[in-house]
1. Can you tell me which residues in segment C:210-225 are more than 8 Å from chain A (Cβ to nearest Cβ) and either touching a residue at least 60 places away in the same chain (Cβ under 8 Å) or under 29 Å from residue A:134 (Cβ atoms) (or both)?
2. Can you spot a residue in segment C:94-115 that is more than 29 Å from residue C:213 (Cβ to Cβ), facing another protein chain (nearest Cβ under 7 Å) and buried (at least 18 other Cβ atoms within 10 Å of the Cβ)?
3. For segment D:203-213, check the following and say yes or no: at least one residue is crowded, with 22+ Cβ neighbours inside 10 Å and part of a helix (DSSP H, G or I).
4. Take segment C:191-209 and flag every residue that is at the interface with chain A (Cβ under 8 Å from one of its Cβ atoms) and closer than 30 Å to residue C:119 by Cβ.
5. So is residue C:44 closer than 30 Å to residue C:119 by Cβ, at the interface with chain A (Cβ under 7 Å from one of its Cβ atoms), touching a helix residue (DSSP H, G or I) at 6+ places or on another chain (Cβ under 9 Å) and in contact (Cβ under 8 Å) with a residue 12 or more places away in the chain or not?
6. Would a scan of segment D:8-25 turn up a residue that is within 30 Å of residue D:203 (Cα to Cα) and touching a residue at least 60 places away in the same chain (Cβ under 8 Å)?
7. Restricting to helices (runs of 4 or more DSSP H) lying wholly in segment A:13-107: which have 2 or more residues that are closer than 30 Å to residue C:206 by Cβ, more than 9 Å from every other protein chain (Cβ to nearest Cβ) and free of Cβ contacts under 8 Å to residues at least 60 places away in the same chain?
8. Only one of these is in contact with a helix residue (DSSP H, G or I) (Cβ under 7 Å, 6 or more places away or on another chain), within 7 Å of chain D (Cβ to nearest Cβ) and under 30 Å from residue C:146 (Cα atoms): B:127, B:132. Name it.
């Protein structure tokens, strides 16, 4: 293998432009194809996909059973597949069991359902601390879990990709699948947050939380 | 403890000037005292001290015996003491035993005899590799050691400071203590080089090395 | 290799930055670097996903950290393209200087040097004929080894004893595939470790689950005197 | 703590830069940062050498690496001065911006907060009445622990079995002294580890010697089931 690139003080923006310029000049890369890749991951593949999966699982017990049995097949039913989605395993949160997903060695993430990983997921602080002090880390994200809640942290070290099925929040019993989708965040599906009922639906909140 | 300083994009030169400016303004620091510290370690405390110790040990067997028995006391005989020299232990190289000194956890170094550590000693590459692949590291410094040479690597993890007593090179039998001093380098006293006889004195070299 | 990428449990990073509203790409160059990387893998260099991850790991730690995730990706693309002889060493720096108006001579094109490698199938899942060596509920020890090349066995679990919780789909072994030394399909296990086994008795209570390939594991008794 | 400073055995750093002619300080600011640091330790902050090393360890890894050794030292001085309430958080950045002509409001002076600490003697050597627990030639195991604060027990020897080669002068324990929790004087041992014990059977042949305090060590049998 050749030596790795020497540290350079040239700005990363300029170096990116330079690499694209070389590859385009060689006829190896079509800028329009790059545009399309960027657009796909900036606009089309994102956590809305996962939110649809979660809302369906909350409202359709048979779908939920299929999702827990074979995540890959169940998300493909909704049309979600592609790179970083070869084998998707869904982890169900309950009032006494909380799952947290991390990739300590790089930043593996289930792209077809959650899109590209957010900055916090890729940050060394998250990668390092999730497997050492998850409670302290979650508290910094605003999620305080009591001692009665068991925490399972999943380090994504193989090509299996993990997605969290959050608890359906109290107060959403009357809501439809469509109405539930916007409640489900990327954070909840990675395990750094819970899903919350919209204002006025949250019974816990109404009764003095 | 307070949070550590937040990463800053201000140039380090400017931040150094800023810190000095604050401390001088508060009357806590006298720039002339800083000047004196800088001058002392830039000009007075350096590897010439250690070279004097080595040359004396090579030419005075009784001094060498005292140096190996109590390095701290023996280097103090020549007037060398001070910070980072509380307990100095000398390690003698032989044709079949080579010592290499490192500090993996910071950059501890025997200041009174060798001065401040050089860049390579403080570099992560040296700190990390000396305790894992010393032969490969030494080869990059130009020192190839045969399999018959045992390597002992000393990681300076306490306040003990290690200094290597290099082998006296062949061909220097007729040289005086004074003449030997310039042959002894910082590198040889840390274990990344051997001492060499000056051109015309090196028998190994003359006979086709 | 025991590089900066293997940061599970490493301390001193402070807080993770959290902005729930951030876009996929926070600057234009991030998207370009991402897209160039995707193309640079199989299509342009003939390399694979594991070689790509290993290219990340080989970056100098300062470069790994300096420009964040997409900064790493840009250098990963450059590494793969250089390794395969698609672009010359130093070509990106030279072109960047040229773009900003410096008078530079760009290096000549190198000789194409793609790895002699064809995947036996899509993705990483591969059948294995033999049954799994370990069963669900069995205790296993992650081997206490220090592979010189790519591995997905992080330092923080090495030498630790855990329990097999799932048999995952068998897959090619990243350790050999990254270096084009064969796909070497293996069983893969979801293994659970108690936090105190990893970090000592003072650790926060939790269970760590990690996917480990068959050759990363041994029976707990094997390594004992 | 398991920070970036604990880099023994870490890979990916490339070659060490070697220039036998380099001066003690390669730029003016390096000498100033060095001198300010020396003054910042006992004299200005009431802190000690171990707290100083721990201030280095607490730097964000990117800051630890970005400006080299004296870059670290500058931030170490700033950390100690801030911890002891000699300068305000953000004071250096504000002053730097002011020096370059920005219109900034500097933070008000903080309340002095020096540690309640007086060394029982000069330097670190301290007598210990009891005889050393281990003797030269005895096998010992470096404890497999992960202290949250300062320690001089690096990760790469933890859990490994070595042989006591020297009884070194007894000294205060950095682990407690750095946090002003007492000097806790202990015996210190020069312990030798075979390279294969540290890095596995493929390791280069050599012997690693390291100085370990009494509380870092246990009899090898203790930790076995």
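The values are calculated or read from the model by the stated rules, or taken from the named source; none is laboratory data. As the structure is a prediction and not an experimental result, all values here were calculated from the model. All Cβ positions, even for glycine, are placed from backbone atoms using ideal geometry, and neighbour counts span all protein chains on display.
1. Correct list: C:214, C:215, C:216, C:217, C:218, C:219, C:220, C:222, C:223.
2. Yes: one or more hits.
3. Within segment D:203-213, none of the residues are crowded, with 22+ Cβ neighbours inside 10 Å and part of a helix (DSSP H, G or I).
4. Of everything in segment C:191-209, just one residue is at the interface with chain A (Cβ under 8 Å from one of its Cβ atoms) and closer than 30 Å to residue C:119 by Cβ, namely C:209.
5. yes
6. The answer is yes, given that some residue of segment D:8-25 is within 30 Å of residue D:203 (Cα to Cα) and touching a residue at least 60 places away in the same chain (Cβ under 8 Å).
7. Of the helices (runs of 4 or more DSSP H) lying wholly inside segment A:13-107, those with at least 2 residues that are closer than 30 Å to residue C:206 by Cβ, more than 9 Å from every other protein chain (Cβ to nearest Cβ) and free of Cβ contacts under 8 Å to residues at least 60 places away in the same chain span A:61-69, A:71-77.
8. B:132
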